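Peer 1: One structure coming up, written as C-alpha cells, with questions to follow.
The values are calculated or read from the model by the stated rules, or taken from the named source; none is laboratory data. Bear in mind that the values here come from a model prediction, so they are computed numbers and not experimental data. FYI the Cβ positions are ideal-geometry reconstructions off the backbone, even for glycines, and counts take in every protein chain you see.
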C-alpha cells in the first residue's frame, strides 16, 4: 500500500462497510492511543468482538494503511508549516518596509525632497522606525540583522609597531569621551 492510492480513504476490495467503519475508527485515533481495544470500546462491543477486529485488521492491512495515512498527514502538516513560515516572512518584510516608509515620511515629501520636520514624529523616533524597519525587513528576508563592514584582520599586539599601538590607544581614549 502506498500513500498514492490513499488506501485509508476508501474500503479495499472485499472490505465490508462495517469493516471499513471499524478501520476509520482505528485510523482516526491518536497514534498514542491507536489499538484494537480502543476501537472495540468506541464500537461499543464486547471484548470478544476484538477477535473480529483482529481478523479485519490483518486481512485489510490496517497497520500498513494507517502508517501511510500518518505519513500523508505529516507531509500535509509540514507543507502547511512551510507555507505559514513563508507568509510570515513576507508579512514581516512588508512591516519592515512600512516602518521605514513611516520613518522616512518625516524627512522626505512626496516629491522626494527634504522637508521641514513635523511635530507628529520626533526625528529620533523617525530614525528608530527606519532602523527597526530595516532590521525587520532584513531578518524577514533571511539576511543578517546588521551588516558590519571593515577590516577584520586581527594581529597580535606583539606584531604591531609602536605607532600603531599609539594610534589604537588614542582611538580608544576618543571613544571613551
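Peer 1: Kindly provide the set of residues from the stretch 87-101 that are under 14 Å from residue 126 (Cβ atoms) and surrounded by fewer than 16 Cβ atoms within 10 Å (Cβ to Cβ), ordered by number.
Peer 2: 98, 101 - these are the residues of the stretch 87-101 that are under 14 Å from residue 126 (Cβ atoms) and surrounded by fewer than 16 Cβ atoms within 10 Å (Cβ to Cβ).
Peer 1: In this structure, does residue 81 turn out to be within 17 Å of residue 145 (Cβ to Cβ), modelled with pLDDT of 80 or more and within 23 Å of the chain's Cα centre (by Cα)?
Peer 2: No.
Peer 1: What are the residues in the stretch 157-177 that are at pLDDT below 75 and either touching a strand residue (DSSP E or B) at 6+ places or on another chain (Cβ under 6 Å) or not in a helix (DSSP H, G or I) (or both), if any?
Peer 2: Passing the criteria: 160, 177.
Peer 1: Quick test for you: out of 68, 54, 101, 89, pick the one residue that is in contact (Cβ under 8 Å) with a residue 12 or more places away in the chain, assigned by TED's automatic domain parsing to the domain that holds residue 12, touching a helix residue (DSSP H, G or I) at 6+ places or on another chain (Cβ under 9 Å) and part of a helix (DSSP H, G or I).
Peer 2: Of the residues listed, the single one that is in contact (Cβ under 8 Å) with a residue 12 or more places away in the chain, assigned by TED's automatic domain parsing to the domain that holds residue 12, touching a helix residue (DSSP H, G or I) at 6+ places or on another chain (Cβ under 9 Å) and part of a helix (DSSP H, G or I) is 54.
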